[in-house]
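Enquirer: The structure under discussion is supplied below as structure tokens; questions concerning it will follow.
The values are calculated or read from the model by the stated rules, or taken from the named source; none is laboratory data. Everything numeric here is computed off the predicted structure, so don't read it as measured data. All Cβ positions, glycine included, derive from the backbone under ideal geometry; neighbour counts span all protein chains shown. With ligands, DNA and RNA removed, areas are computed over all heavy atoms of the protein, side chains included. Shrake-Rupley method; radii C 1.70, N 1.55, O 1.52, S 1.80 Å.
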Amino acid sequence: MKGSILVTGFEPFGGERINPSWLVAQALDGQRIAGRPVHAICLPCTFGEALQVLQAGLQARKPAVVLALGQAAGRGDLSIERVAINVDDALIPDNAGAQPVDEAVIAGAPAAYFSS
């Protein structure tokens, strides 16, 4: 079957010891879903670097499907984001100490992207 499934999770952030998104991604790594191999990558919780690691994973695996997982502290339910906004705006610093406010993730790119 053509193409794999790439699942991403994040490293711990905001003083937490674990990040459930990475635990789920790790559990799926090496499995097969609908005949497709699953590969997981852990994204750093640092602005800019996370995108670079993701792009490297996309280039290396050329997946047919990408499932990007994340953690929303205090949220008790699973939720699916339908729109990704092209804005970095941090309430607290990332793991490298950066705390951007109203900065474009990708300069000159569309303001938002819908999931598919």
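Enquirer: Taking only region 1-26 into account, find how many residues are closer than 17 Å to VAL66 by Cβ and either surrounded by fewer than 13 Cβ atoms within 10 Å (Cβ to Cβ) or free of Cβ contacts under 8 Å to residues at least 60 places away in the same chain (or both). Working first, answer last.
Expert: Taking region 1-26 and keeping what is closer than 17 Å to VAL66 by Cβ, we get 1-10, 21-22, 24-26.
With the extra rule that they be either surrounded by fewer than 13 Cβ atoms within 10 Å (Cβ to Cβ) or free of Cβ contacts under 8 Å to residues at least 60 places away in the same chain (or both), the set shrinks to 1-3, 21-22, 24-26.
Residues that pass the stated criteria total 8.
Enquirer: Given the criteria in a loop (DSSP other than H, G, I, E, B) and touching a Lys or Arg at 6+ places or on another chain (Cβ under 8 Å), does GLY3 qualify?
Expert: For GLY3, the condition - in a loop (DSSP other than H, G, I, E, B) and touching a Lys or Arg at 6+ places or on another chain (Cβ under 8 Å) - is met.
Enquirer: Among (1) within 30 Å of PRO93 (Cβ to Cβ); (2) of a type outside the set (Val, Ile, Thr); (3) surrounded by fewer than 17 Cβ atoms within 10 Å (Cβ to Cβ), there is one condition ARG32 misses while meeting the rest; what is its number?
Expert: Tallying (1) within 30 Å of PRO93 (Cβ to Cβ); (2) of a type outside the set (Val, Ile, Thr); (3) surrounded by fewer than 17 Cβ atoms within 10 Å (Cβ to Cβ), ARG32 fails exactly one: (1).
Enquirer: I'd like the residue in region 69-91 that is touching a residue at least 24 places away in the same chain (Cβ under 8 Å) and acidic (Asp, Glu) and, out of all such residues, is most open to solvent (accessible area, probe 1.4 Å).
Expert: Step by step, filter region 69-91, then rank; the result is GLU81.
Enquirer: Taking into account only those residues within region 25-35 that are outside any helix (DSSP H, G or I) and either in contact with a Gly (Cβ under 9 Å, 6 or more places away or on another chain) or not hydrophobic (A, V, I, L, M, F, W, C) (or both), which is nearest to PHE13 (Cα to Cα)?
Expert: Narrowing region 25-35 to residues outside any helix (DSSP H, G or I): 29-35.
Imposing the further condition that a residue be either in contact with a Gly (Cβ under 9 Å, 6 or more places away or on another chain) or not hydrophobic (A, V, I, L, M, F, W, C) (or both) reduces the set to 29-32, 35.
Working: ASP29: 21, GLY30: 25, GLN31: 26, ARG32: 29, GLY35: 33 Å.
Within region 25-35, the match that is nearest to PHE13 (Cα to Cα) is ASP29.
Enquirer: Consider VAL38 against the criteria (1) out of contact with any Lys or Arg (no Cβ under 9 Å at 6 or more places or on another chain); (2) among the hydrophobic types (A, V, I, L, M, F, W, C); (3) at pLDDT 95 or above: it satisfies all of them except one. Which criterion is unmet?
Expert: The number of the failed condition is (1).
Enquirer: Moving to a separate point now. Among the residues of region 42-57, how many are touching a strand residue (DSSP E or B) at 6+ places or on another chain (Cβ under 7 Å), open to solvent by 40 Å² or more (accessible area, probe 1.4 Å) and touching a residue at least 24 places away in the same chain (Cβ under 8 Å)?
Expert: Kept after step one, since they are touching a strand residue (DSSP E or B) at 6+ places or on another chain (Cβ under 7 Å), are these residues of region 42-57: 42-43, 45, 47, 50, 53-54, 57.
Restricting the remaining residues to those that are open to solvent by 40 Å² or more (accessible area, probe 1.4 Å) gives 42, 47, 53-54.
Subsequent filtering for residues that are touching a residue at least 24 places away in the same chain (Cβ under 8 Å) retains 42, 47, 54.
Residues meeting the conditions: 3.
Enquirer: Please pick out the residue among VAL66, VAL38 that is under 12 Å from the mean Cα position of the chain (by Cα), assigned to a strand (DSSP E or B) and in contact (Cβ under 8 Å) with a residue 12 or more places away in the chain. Before the answer, list the steps.
Expert: On the way: VAL38 fails: under 12 Å from the mean Cα position of the chain (by Cα).
Every option except VAL66 fails the conditions.
Enquirer: Report yes if ALA98 is exposed (fewer than 13 other Cβ atoms within 10 Å of the Cβ), outside any strand (DSSP E or B) and of a type outside the set (Asp, Glu), otherwise no. It would help to see each step written out before you state the result.
Expert: Numbers: exposed (fewer than 13 other Cβ atoms within 10 Å of the Cβ): no; outside any strand (DSSP E or B): yes; of a type outside the set (Asp, Glu): yes.
Judged against the criteria, ALA98 is not a match.
Enquirer: If TRP22 satisfies all but one of (1) in a helix (DSSP H, G or I); (2) touching a helix residue (DSSP H, G or I) at 6+ places or on another chain (Cβ under 7 Å), what's the number of the condition it fails?
Expert: Of the numbered conditions (1) in a helix (DSSP H, G or I); (2) touching a helix residue (DSSP H, G or I) at 6+ places or on another chain (Cβ under 7 Å), the odd one out for TRP22 is (2).
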